[in-house]
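Contents: one structure, followed by commentary.
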Amino acid sequence: MEQIDGTVGRLQTEFERVALPQTANLLRFARRLTPQNSDAEDLVQETLLSAWRGFSKFQKGTDIRAWLFRILINAHHGRLRTLVVEPPMEQLEQQMAVAATSHTERLGIERALAALPPTQRAVLLLQAVEGFTCREISEILFVPIGTVMSRLSRAREAMRYQLLTIVRRYRVSSEAGTLARKTSLR
């Protein structure tokens with residue numbers, strides 16, 4: 001019995017040393033995948049639990065970050081199959097309606113991200129936010145590197161278009177508000 005406890009203790013120590021420091025990165029990514037912070041936290045908890053259960057099979061020397069992100073993405077896809085969630089666009093529109101103008105930029109980016117197809121959003125976030133290379137993303141998502149590069153290119157182009165559209169709308173509404181204030185002062 002002591003040998004089993006010793007083995008579990010070593011595994012736990014190693015897991016805490018290599019996997020737990022990635023929690024903040026996992027949470028940041030999960031927050032971009034899910035509409036609510038509590039869902040993101042649950043997703044990270046589910047990811048770490050799955051990682052702990054399979055940690056004895058983890059090969060030392062391989063990339064722990066890529067392994068954990070792969071587990072997180074699989075868990076997220078599993079949740080999408082079983083849950084009906086409120087479309088992120090509706091939630092962002094509600095947030096935008098009550099948000100102060102100082103948050104317009106941040107919400108614009110969130111809105112543009114939410115408008116991306118999930119496959120493009122995942123690739124863009126893994127590359128731009130988490131700093132993975134195209135090759136690493138390819139391994140995490142189990143897709144060819146050319147597919148990753150294509151999705152990344154399309155995601156960037158879609159973000160440019162979405163953000164440009166939001167900026168134009170904001171300028172028009174800002175100018176209309178300024179004009180209305182000027183005419184009411186006369």
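The values are calculated or read from the model by the stated rules, or taken from the named source; none is laboratory data. Owing to the predicted nature of the structure, the values given are computational and were not obtained by experimental measurement. Glycine gets a Cβ as well: all are built from the backbone with ideal geometry, and neighbour counts include every protein chain shown.
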Of the conditions (1) under 20 Å from Arg156 (Cα atoms); (2) more than 13 Å from the chain's Cα centre (by Cα); (3) at pLDDT 90 or above; (4) not aliphatic (A, V, I, L, M), Arg65 clears all except one; give me its number. (1)
Considering each residue of region 129-165, count those that are among the charged types (D, E, K, R), without any contact (Cβ under 8 Å) to a residue 60 or more places away in the chain and surrounded by 14 or more Cβ atoms within 10 Å (Cβ to Cβ), and give that number. 3
Starting from region 29-57, keep only residues that are touching a residue at least 12 places away in the same chain (Cβ under 8 Å), then list their pairs with residues that are buried (at least 18 other Cβ atoms within 10 Å of the Cβ) and of a type in the set (Ser, Thr, Tyr) whose Cβ atoms are within a distance under 7 Å, requiring at least 6 positions of separation or different chains. Ala40/Thr34; Leu43/Thr34
Going by the structure shown, is Ala40 in contact with a Leu (Cβ under 7 Å, 6 or more places away or on another chain), modelled with pLDDT of 90 or more and assigned by TED's automatic domain parsing to the domain that holds Ala19? yes
